[in-house]
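Derivation of every value follows stated rules applied to the coordinates shown; laboratory data play no part. What you see is a predicted model; the values in this text were computed from it and never measured. So basically every Cβ, Gly included, is an ideal-geometry build from the backbone, and we count neighbours across all protein chains shown.
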Amino acid sequence: FRESARGCLKCAACWPKFREKPLFLNVRAAERRDKDILKVFSVFHQSLADSRYKIVVEMPESWVCNNDDMQRFCHAVREQGMLVAYDDFGQGQARITDLINAPPDKIDRQLISSLHNNAPQQILVQGVVQACAELKVTVLAEGIETQEELETCVRLGITLGQGYHLGRPRAAYELFDVEPHVL
């Protein structure tokens, strides 16, 4: 899969208008223990050097709680010119101190469901959005399933989103002519 993706991205004939976009690579628990995972990402990143895609290594937020390992991992990823993202931040594992000690370059948000109907939840999300803006962290709202959730996210200052309301999952070949949705 990685070899096919590398060839497709290097060619970029199908995606010329999508240049300079982030490419998210999810890391799973077993891969984190793989001593060669950073080398794999580095080789993949180097193969895209002339494509202007930015690799974003995305890991579960549960890893944030292991500060020393996380700080080393984030530092190594950034030294290779890539960015760091926490998937599902806010689902229960991460703490504010962990976010401060090992700040990512992007955080996925899972607090979107019925956001428009929950004032305390809106206050919390708005606080996180403001803190992330100060830390130069981009917030991506996951799970936007209604127009009301979308409008609330926009009102709270969230600029990136994904979810069924914005588009259903598709086969890779169907994505070539689809413009990414910006909130």
**Prompt:** How far apart, in nm, are two points set 7 Å out from the Cα along the Cα-to-Cβ line at Gln46 and at Leu23?
**Reply:** 1.5 nm
**Prompt:** Amide H to amide H, which residues 5 or more places from Glu58 or on other chains are under 5 Å from it, using H placed in the peptide plane?
**Reply:** Leu25, Asn26, Val27, Ala85
**Message:** Could you order the peptides 118-130, 137-149, 154-166 from most to least packed, using the average number of other C-beta atoms within 10 Å per residue?
**Reply:** 137-149, 154-166, 118-130
**Request:** Give me D for region 107-147 in µm² s⁻¹, whole number, from Stokes-Einstein with Rh from the Kirkwood sum over alpha-carbon pairs, 20 °C and 1.002 mPa s.
**Result:** 202 µm²/s
